[in-house]
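To start, the structure under review is shown below, and the notes come after it.
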Amino acid sequence: MIFGFESYGGPSAARFIEVDEPAPQPGHVLIEVEATAVNPGDIKVRSGQRQGAFPVAFPMAMGREAAGRVVAAPDGAFPPGTRVFGAAAAGFGTFAPRALLAAESVAEVPEGVSSAAAACVPVAVGTAYDALADLHLQRGQTLLVLGAGGGVGTAALQLAHSAGAHTVGVASESKRDVVEAAGAVFVRSGPGWPQRALAAAGIPDAVLDLVGGEALTAGAALGSDTRPAGAGDAIPFAQALRDMRLISAADPERAAQLGGSGIRRRRSAEVYAKLAALLASGALEVSIGRRFHFSQADRAVAAVEGGHAAGKVVVYM
Ligand SMILES: NC(=O)c1ccc[n+]([C@@H]2O[C@H](COP(=O)([O-])OP(=O)(O)OC[C@H]3O[C@@H](n4cnc5c(N)ncnc54)[C@H](OP(=O)(O)O)[C@@H]3O)[C@@H](O)[C@H]2O)c1
């Protein structure tokens, strides 16, 4: 039984479907799923928005990441029963009691880290890590995260903060606590956010966009006619704006029009193991907003589909 879809469509396209259990294949690790997480990307795949860019084999389970116990691994890479996590194998999903992970992405879950937390690493935490790697943020520089209260944002703020960067999180008022807990200056989202951000923290060295659309475009005007009173001529304003680096997970096309780029995803076991070690040491915490049992997978997806999830939404078996 999977929670998945047999054709592209809206929320009603996804349902519980009886399918044969996935058979272990070369390059895949078969696991007994303990936890999996919901991501906006799952919804884009189900709706058909990613056709051509993303392999789908109907019927396919939703979900791109999971943690659980190894059933079978190629070349005995992991003994059966080992607790691992990783990204779904191409053409397979993870909203299922058993799932196939891409072997090159699979790492052990360290002692003391929950399967729920580990299941959130490949997509949201991994994307945050990759974004920061691409931004080459230096200690003491400022990172602004637009859409800071969700899965990628909460991880990015923590990773940047622990690397010695100043951080600014733009989010709705309901996420003030989670943004501040990650060590960031909170800025309320909505019309006028660039002016508020500028007044609170000046021009950032880098922007990580997790919203896109008009909210991102508004940010590009940062500084043009929004210079706060008393900013002073000492700030080389135009230069600072030109030097600001922009990267977007949500809207790479618009970011490119604005002089920025998308994120280059790594998805390697090496990176995932490093992030899991940060979880184990307490240097990084996954902010889990809501948990749903597998039987409520539709509700879990709806919680993310609304576009205003706080932290991660996790599905457990
Ligand atoms: N390329 C990749 O590999 C990759 C990987 C991961 C994610 N992504 C993309 O990155 C984006 C974010 O992912 P996520 O997992 O962090 O999503 P999420 O957990 O659903 O969080 C999205 C956040 O954006 C906030 N938001 C929505 N509209 C906003 C606005 N106008 N201004 C400020 N904040 C706003 C939401 O909350 P509030 O508005 O309520 O504060 C929410 O906290 C998605 O588009 C996703 O598809 C891409």
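Please give the contour-minus-distance gain from ALA72 to ARG290: 0.36 nm per residue of separation, less the Cα-Cα distance, rounded to one decimal in nm. Provide the component values of the computation, followed by the final result.
On the way: separation 218, 0.36 × 218 = 78.48 nm, distance 3.02 nm.
So the chain would gain 75.5 nm between ALA72 and ARG290.
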Worksheet item: Zone of GLU104 (label point 7 Å along Cα→Cβ, backbone N under 13 Å): which residues in segment 257-272?
Response: 265-271
Worksheet, complete the sentence: For the ALA90, ALA200 Cβ pair and Förster radius 41 Å, calculated FRET efficiency rounded to 0.05 is 0.45
Response to the item:
Stokes-Einstein, Kirkwood over Cα pairs, the chain, 4 °C, 1.567 mPa s; D in µm²/s equals 65
Practice prompt. At 0.36 nm per residue, minus the direct Cα-Cα distance, what do GLU173 and GLU6 gain on full extension? Give it in nm, one decimal, please.
Written response: 56.3 nm
Worksheet entry | Two-site label geometry, GLU270 and ALA57: point separation in nm, points 7 Å out along Cα→Cβ | 2.9
Worksheet item: Setting aside same-chain residues fewer than 8 positions from LYS274, which lysines have a Cα under 23 Å from its Cα?
Response: LYS312
Response to the item:
Within the set ALA118, ALA283, ALA250, GNM on the chain using Cα springs under 10 Å gives the largest fluctuation to ALA283
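A short reminder: the numbers here are calculations on the coordinates, not readings from a lab. As the structure is a prediction and not an experimental result, all values here were calculated from the model. Here the Cβ is made from the backbone with ideal geometry for all residues, glycine too, and neighbour counts use every protein chain on show.
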